[in-house]
Every structure is written in structure tokens, then in C-alpha cells.
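See below for the structure under consideration.
The values are calculated or read from the model by the stated rules, or taken from the named source; none is laboratory data. A quick note: this is a predicted structure, and the numbers were derived from the prediction, not measured. Heads up, the Cβs are rebuilt from the backbone with ideal geometry, glycines too, and the neighbour counts pull from every protein chain shown. Accessible surface is based on the protein model in full, side chains and every heavy atom, while ligands, DNA and RNA are left aside. Shrake-Rupley method; radii C 1.70, N 1.55, O 1.52, S 1.80 Å.
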Amino acid sequence: MKRIAMLGFMLALLPMAVLAQTDEQYIQYWKSEWPKTDFTKKSVDFDEILHGGPPRDGIPPIDEPAFVPVAEAEGLEDNQPVIGVVINGEAKAYPLSVLMWHEIANDELGGVPISVTFCPLCNAAIVFDRRLDGRVLDFGTTGRLRNSDLIMWDRQTESWWQQFLGEAIIGELTGKRLDVIPSRLESFARFKARAPEGQVMVPSGRYTRNYGQNPYVGYDSLAKPFMYRGDMPTNVPPLMRVVSLGEEGAWSMALVQDKKEIDVGEGRVIRWEPGQYSALDENVIAQSRDVGNVTVTRTVDGKEVDIVHGIDFAFAYHAFYPDSPIHHLPE
């Protein structure tokens, strides 16, 4: 049943046929929807970009997120996954049960404008500082994918951004990068424990979605990812989660779960504990399997602080960092 449901969802998102082969043909095709984007500036080949199905902001970003205190949250079980963010002493949790349907939340926390992003096809949960070169950017979804990863766009210049890297790949801002803010993909219970005065994002009522359900049923058990044409990692299943540290490398979730704690040098430690549902397993997230909680911290002046890391699918990490190692259990 899982695979049947997943196949139905994939068929619903089949990309629109694009027969264009030259840059000029791609530009002509895209310009009707993107008249303000400067397609003469780019850092990737146009034929690497696929149409995921929805049009621009067809997956609508959240621009005015609504919150309640964690003690008042309803319908969010303790083991459900959230992106937990703490800035300047203020804490907010962004449930994947909501972000699954929107992928981007433009917000402000602790005086910092942020975009909280989640690409379900890559399991990439990344929080960006929206400030760049003296202005604040607002982000939406293009409906396009590269390496199966969300391509965002900013409303100020209509440049296109690779979510996995936080880098503009097409348009006026090509080559620019956003600062990534440390965050945790953690259970709601763990967020509440570390931020009892924090807030949690809730549906605003503006959109009608099946919040709490997973439209990508069985995705993280598939043998191959959806809408991905690149090379696969050779030593781990492509849809196994990995704990990534950029170009330095990644550690498979199987290895992290087996070791429970891994010292990766320079005062940095990866830790795993049980108690978090997968957002990409069963139709109802609260009925999914336990994939556990990961923290990645560095000791600074005797205190452990969170550092930027990813909990991504192995194929996605390999696609963007093909020369970096993925450490795994010995055969």
C-alpha cells in the first residue's frame, strides 16, 4: 500500500515536458512565468533543472507564521519532528507536519529575519539568515528541482536559489550565499524540554492542508529517490539519512545509531538518542517509525553549543558533495 500511494503521488507531480535544448529555448520557456529573472547569469546548466509539477509558489511559503506557546500546542505528539531554532535567547519550533506542505517559512526570531526551509525529497531541513548585502530577502518556491532538491526564489530580485547549499544559481544574485543558522531536527518533546518558554508554529487557517499527514508515503524506504538523475553513493543506500558537515564529510545514520556518540574532532561531537518519528514513512506522521534524534555540538569555553549540520538523504549529500566521504558501518 505504501508504494502504491507513493506512485500515485509521483504521477501527480510528473514534470511538464520541456523539449528545449539550448539556453535560449530554456529562457523562452521560463520567461512567461519569470519575466524579471536574469537568466543570462547562472552557475549551473539549465538542463540540470527539472519541473517538479507545481508552478511558482504552487507550494505556498508561509509569510505570516502563527505561533502558540509550547504548553498550549494541540495535535502535536511528543515524538513528532520539528525544526528547533534558538536565537538570542528566543526559541521557536517549526513542525514538519506543517512545513511538509509549505517548504518555506519566512519569519523573524531574536531580531534576526530567517527562512526555515524543508525539502522533503532530500530530508534537508535548513534555516537561513535572510539578510544579504544590506537588505532582507523573502523566499518562495519555484516548483523546480535540481538533484531532487528544492529551488527557492527571492522576491526582491527573482533569483533562483539552491536550498541544499543556500546559494543563488540563476539570476542577479548568482554566486551569493546565505548564512546558515544552527538548528536541530528534533522531537517536539526534546524541544519543549530545552525551551519550555518557546513557541511552536501552528496552521494559520489560511490554507487547507492535511497537516499531520505525509503525502510522500514510504518515500524514505524506496530503493531510488524521486526525480534524481545523478550518481548514487556506493557505500550506503541512497535514502539512508546521513549527518553531514558540508565538504568535510557525512556519517550514516546507521553508524551514528550504532555508536551513539562520535567524536569528529576539534571539540565536535555527534550524538544519537531514540524518540523521533520519520516524517516520510507512514501516511500519518505520528504512526511512523522511530529514526531518533541527533545533536551536533562543539565545546566552546567549556560549554557545548550547536553547530551547523544536516540530516540529509545520502544521495542528496553525494550529489552536492561528490568528493566528500560518507562514513558508514564496516561490511
With +1 at each Lys and Arg Cβ and -1 at each Asp and Glu Cβ, the charge dipole magnitude of the chain around its Cα centre, to the nearest 20 debye, comes out at 440 debye
Taking Cα atoms only, helix 2-12 is inclined relative to the longest principal axis of the chain by an angle, in degrees rounded to 10, of 30 degrees
For Ile114, other-chain or 5+-apart residues with amide H closer than 5 Å (H placed, Pro excluded) are Asp107, Glu108, Leu109, Arg130
Taking placed amide H atoms and a strict 5 Å upper bound, the residues 5 or more places from Ala91 or on another chain that come that close are Gln199
The distance between the Cα centres of segment 226-240 and segment 259-302, in whole Å, is 21 Å
Around Gly212 (Cβ within 15 Å, Cβ-to-Cβ, excluding Gly212; K/R +1, D/E -1) the net charge comes to -4
Charge tally for neighbours of Thr295 with beta carbon under 15 Å away, counting Lys, Arg as +1 and Asp, Glu as -1, is +4
Excluding ligands, DNA and RNA, the carbon-plus-sulfur percentage of the accessible area of segment 175-301 with a 1.4 Å probe reads 44 percent
Note, segment 117-124: 3J(HN,Hα) by Karplus (6.51, -1.76, 1.60, θ = phi - 60°), whole Hz, Gly/Pro = x, goes 10, 9, 9, x, 5, 10, 6, 9
For segment 190-197, Karplus-derived ³J(HN,Hα) couplings (6.51, -1.76, 1.60; θ = phi - 60°; whole Hz; x for glycine and proline) come out as 5, 5, 4, 5, 8, 9, x, 9
Farthest towards the positive end of the dipole of segment 51-197, among Leu76, Pro120, Ser148 and with Cβ unit charges of +1 on Lys and Arg and -1 on Asp and Glu, lies the Cα of Ser148
Calc'd 3J(HN,Hα), segment 159-169, phi into Karplus 6.51 cos²θ - 1.76 cosθ + 1.60 (θ = phi - 60°), Hz, glycine/Pro = x, comes to 6, 9, 10, 7, 4, 4, 9, x, 10, 6, 10
Once the in-chain neighbours fewer than 8 apart are removed, the lysines whose Cα is under 25 Å from Lys224 read Lys2
Rounded to the nearest 500, the 222 nm mean residue ellipticity computed for the chain from DSSP H runs (n ≥ 4, each -39500 (n - 2.57)) alone is -3500 deg cm²/dmol
Taking the reciprocal of mean 1/r across every pair of different Cα atoms in the chain, the Kirkwood radius in Å is 20.2 Å
Over 24 Å (Cα to Cα) among Lys92/Lys260; Lys192/Lys303; Lys260/Lys303; Lys31/Lys176; Lys42/Lys92 -> Lys92/Lys260; Lys42/Lys92
For segment 82-149, the accessible surface attributable to carbon and sulfur atoms (probe 1.4 angstrom, ligands and nucleic acids excluded) amounts in percent to 41 percent
Scoring the chain by relative contact order with C-alpha pairs under 8 Å, at least six apart, yields a percentage of 19 percent
Net charge near Gly230 (other residues with Cβ under 15 Å of its Cβ; Lys, Arg +1; Asp, Glu -1) is -4
